Amino acid sequence: MTGAGSRALLLDPPPVEPSPATRLPLAWHQARAGELRAAAAERGARAVLLTDPWNIVHFTGLWAATTERPLYALIEPDGAPFWFYPRLDRDLVQSWWYGDGAEYFDYPHVDGQHPNEGTAARGPAVDLWEWALRLCAARGHGAGDLLIDRPRETPFGSIGDVCLRSRMLKTPEELALARRAYAYFDDVHVFCRDTLLDGFHDGMTDFELRSAMIDMATRRIVPDLELDGGPHRGVGVSIDLGWVRAGRVTGYPHPNQFRYAEITRGGTLQASGVIRVGGYGGECYRPFMIAPRTAHMERLWTVARDSCLLQQDELRAGVSCGEVAEKIHRFQIDAGVRDFVYHRPAHGQGPEGHQPPWLALGDDTVLEPGMCLSVEPGLYDPRAGFSVNFSDMFVVQDSGPALQLSRVPWTTEWCWLTL
């Protein structure tokens with residue numbers, strides 16, 4: 001459905017070329033591991049034990065669905081990682097960047113019991129954390145020589161700050177992959193708006209629209225993934241449009257009910273979701289105000305939109321997150337909408353979703369080029385049964401205001417619809 005001509009309203013493309021690939025190459029992750037080794041050496045250590053799933057993805061490139069089963073990667077002075085892994089991850093681990101490893105059967109694990117090798121006796125569960133540390137020590141990495149990526153009650157030092165900083169400051173390759181995801185998202189938002197204007201019918205539900213958007217996005221993205229059934233292709237892909245919702249439920253920031261409501265004239269539709277490819281991308285929301293609108297709807301929409309544009313202008317290198325949050329909240333208060341403010345203006349975005357820094361009054365993190373943040377100075381009126389919440393990805397630049405990664409407009413022409 002293209003009669004509405006939404007594509008012609010898209011903003012000019014940002015100066016970030018979409019990645020030709022759908023995941024980062026192994027060499028990129030190996031370079032990050034090299035940086036981690038150098039940081040560990042500066043702290044007098046020779047090895048790093050990665051235990052956080054997102055650090056494992058970042059520094060090794062291995063995507064694995066972690067559960068209660070521990071999966072660790074030991075980064076030593078050179079060579080491929082030494083892995084600690086459950087048997088069900090064996091084929092993924094050993095077919096990626098693998099030097100050597102230690103396998104346990106499952107969680108909880110009993111020492112020496114591997115049903116796949118013909119042993120299956122009950123017994124006391126092994127402490128897999130202590131097991132991993134003993135094996136690290138056997139490889140010459142004890143206290144004073146080994147750093148761990150997240151705080152634990154151990155004699156080992158932490159290098160979690162270095163890991164998090166590396167994940168927060170996006171490289172050009174990461175931004176290119178994020179832009180690829182947002183190019184898909186541009187198409188999804190065009191489809192959404194055109195469907196509303198060309199295909200709306202009485203009784204149409206947010207579920208119907210959401211399902212059509214998911215189908216369109218899947219058909220658009222999946223052919224590019226070159227899926228062959230094997231591992232390590234199509235990783236980090238998320239097509240999460242479950243937040244597309246209409247009517248009263250939009251009045252709640254995080255509604256806890258199933259989204260199924262009619263899209264009505266005089267109502268609202270929140271076109272919200274997350275698209276990631278290779279782990280990169282993020283949120284892109286636009287709130288539709290459907291005629292006949294009330295003055296209250298138009299007022300909240302305008303203040304929320306102007307808050308987003310203020311955020312883009314204020315997100316500058318060298319300024320603290322708290323300073324930007326204060327200016328936005330002061331803008332909201334001065335505009336007379338304080339009763340409808342429910343949360344901070346934004347959060348950092350990465351492969352895990354929310355990540356630091358937090359655009360909040362209590363975060364003094366100084367903004368640096370490459371940091372990527374959401375755009376959510378939303379306003380909510382559950383009594384009136386609607387909200388206005390935009391989002392996108394703003395990237396802090398070397399100088400000047402932040403860069404928007406999507407091409408979706410912020411205008412009344414885009415969002416104020418007559419069906």
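The values are calculated or read from the model by the stated rules, or taken from the named source; none is laboratory data. What you see is a predicted model; the values in this text were computed from it and never measured. Note that each Cβ is placed from the backbone with ideal geometry, even for glycine, and that neighbours are counted across all protein chains shown.
If I filter the range 357-366 down to residues being over 17 Å from Gln397 (Cα atoms) and in contact (Cβ under 8 Å) with a residue 40 or more places away in the chain, which single residue comes out as surrounded by the fewest Cβ atoms within 10 Å (Cβ to Cβ)?
Gly362
So, Gly348, is that one within 16 Å of the chain's Cα centre (by Cα), more than 24 Å from Cys192 (Cβ to Cβ), of a type in the set (Gly, Ala, Ser) and in the same structural domain as Thr294 (by TED's automatic domain parsing) or not?
Yes, satisfied.
Using the structure shown, decide if Ala8 is small (Gly, Ala, Ser) and either over 30 Å from Trp414 (Cα atoms) or in a loop (DSSP other than H, G, I, E, B) (or both).
No.
Among the listed residues His141, His109, which satisfies the condition of being without any contact (Cβ under 8 Å) to a residue 24 or more places away in the chain and surrounded by 15 or more Cβ atoms within 10 Å (Cβ to Cβ)?
On inspection, the qualifying residue turns out to be His109.
Which of the residues spanning the range 405-419 are surrounded by fewer than 16 Cβ atoms within 10 Å (Cβ to Cβ) and out of contact with any Lys or Arg (no Cβ under 9 Å at 6 or more places or on another chain)?
Glu413
Quick check: is even one residue across the range 164-177 among the aliphatic types (A, V, I, L, M), outside any helix (DSSP H, G or I) and at pLDDT 95 or above?
Yes - at least one qualifying residue is present in the range 164-177.
When you go through (1) more than 28 Å from Val237 (Cα to Cα); (2) surrounded by fewer than 19 Cβ atoms within 10 Å (Cβ to Cβ) one by one for Gln332, which number turns out not to apply?
(2)
For the range 294-328, which positions are without any contact (Cβ under 8 Å) to a residue 40 or more places away in the chain and crowded, with 22+ Cβ neighbours inside 10 Å?
Ala325
In the range 223-242, is there at least one residue being under 22 Å from Trp410 (Cα atoms) and in contact with a Leu (Cβ under 8 Å, 6 or more places away or on another chain)?
no
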